[in-house]
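Everything below concerns the one structure shown next.
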Amino acid sequence: MPQFDETELTEAVVASFDETPDPRLKHLMRELVRSLHDYVRRTGLTFEEWQKAIDFLTRTGQKCTPSRQEFILLSDVLGVSMLVDAVNHRERDGATQTTVLGPFYVGEHKPMPNGTDISEGVEGERMYVQCRVVDLGGQPLAGVPVDVWHADDDGFYDSQKPSYAEAGPSLRAQFVTDAEGRFAFRTILPCSYPIPIDGPVGELILAAQRHPMRPAHVHFLVNAPGYEPLITHVFIEGDKYLESDVVFGVKDDLISSIELRNDAVMPDGRAAPGAWHLMSYEFRLKPGRGAAPRPMMAAAAE
């Protein structure tokens, strides 16, 4: 008869997964059990702390909605999202660096013509974004869909607003690269902003006396057939939160110098509404098995 004490219990639970048909599931569950049990032993976890943890996870799940994913937010602030990203992209071979998807991706975006203003009706400093998608040799990749999305001048994504269901998407779209691998759009200059702190993850951040801020950025999802999908941000140089991003998502190669311009026309030849900003970036894709399925719908914090 096994003695289920703290020395024998772990191996008994590990052994309970011995007949799992899926070898990967078997490995993941056995390692998860060992890690969790080791954590309990090392910390001397109390019943009160265990109950608080269960309550925290319960409330995290209850906070999730079709437009908010609190578990992704939790993964982000614990650095797990970036760690998963890192172990799955160890060899970049000169390709653009990846970073977290973030919880405000809401599924495939509406295709729009190059040059579209995705910020109509939104207040903020005007910005023109011009980008290029190339392979590792610098050759342009045509016909590549690129999803873009970012927060407004107040630090909110469209999906965070009560009017989202009726008003529809704003500051997000999908563009397709031209024969030279280029795509461009008009928008507003994003700002740094706090992740949502009105839920369990916010409670955790405040209890730890961590700030909730993310540096200003634009999200890009590049999904070219025959290449590894690229999920990344382009951050704005000079933002004071670049070195303390609450979700640990900043990489040096993803920081872009944004130019303040006073030209009367923007690069697309159309009139500029006064002073404006120019963001330029080149995305380098790594060969792969092809465009992957769209990421799971997320929507909550980044």
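The values are calculated or read from the model by the stated rules, or taken from the named source; none is laboratory data. Being a predicted model, the structure only gives us computed values, none of them experimental. Glycine gets a Cβ as well: all are built from the backbone with ideal geometry, and neighbour counts include every protein chain shown. For the accessible areas, the whole protein counts, side chains as well, though only heavy atoms, and no ligand, DNA or RNA atoms are used. Shrake-Rupley method; radii C 1.70, N 1.55, O 1.52, S 1.80 Å.
At-a-glance table
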| quantity | calculated |
| --- | --- |
| Surface share of carbon and sulfur [accessible, 1.4 angstrom probe, percent] for the chain | 55 percent |
| Relative contact order [Cα under 8 Å, 6+ residues apart], the chain, whole percent | 24 percent |
| The chain, dipole about Cα centre (Lys/Arg Cβ +1, Asp/Glu Cβ -1), debye to the nearest 20 | 420 debye |
| q = 0.10, 0.18 Å⁻¹, region 70-284: log10 I(q)/I(0) [Debye, one scatterer per Cα] | -0.44, -1.45 |
| Point-to-point label distance, Glu282-Ser163, nm (Cα→Cβ direction, 7 Å offset) | 4.0 nm |
| Amide proton proximity set for Leu101, modelled H, under 5 Å, gap of 5+ | none |
| 31 Å Cα-Cα threshold exceeded, pairs from Lys63/Lys110; Lys63/Lys286; Lys26/Lys161 | Lys63/Lys286; Lys26/Lys161 |
| Cα shape, region 6-45, gyration tensor, a/c 1.5 rule | oblate |
| Kirkwood hydrodynamic radius of region 1-154, from inverse mean 1/r over distinct Cα pairs, in Å | 20.9 Å |
| Linear extension gain, Arg270 paired with Glu48, 0.36 nm per residue minus alpha-carbon span | 73.6 nm |
| Residue (of Met279, Asn114, Val13) at the positive-pole extreme of the chain, dipole from beta-carbon charges | Asn114 |
| Surrounding net charge for Ile255, when Lys and Arg each add one and Asp and Glu each subtract one, Cβ distance under 10 Å | -3 |
| The chain, accessible area per residue, ligands and nucleic acids excluded (1.4 Å, Å²) | 52 Å² |
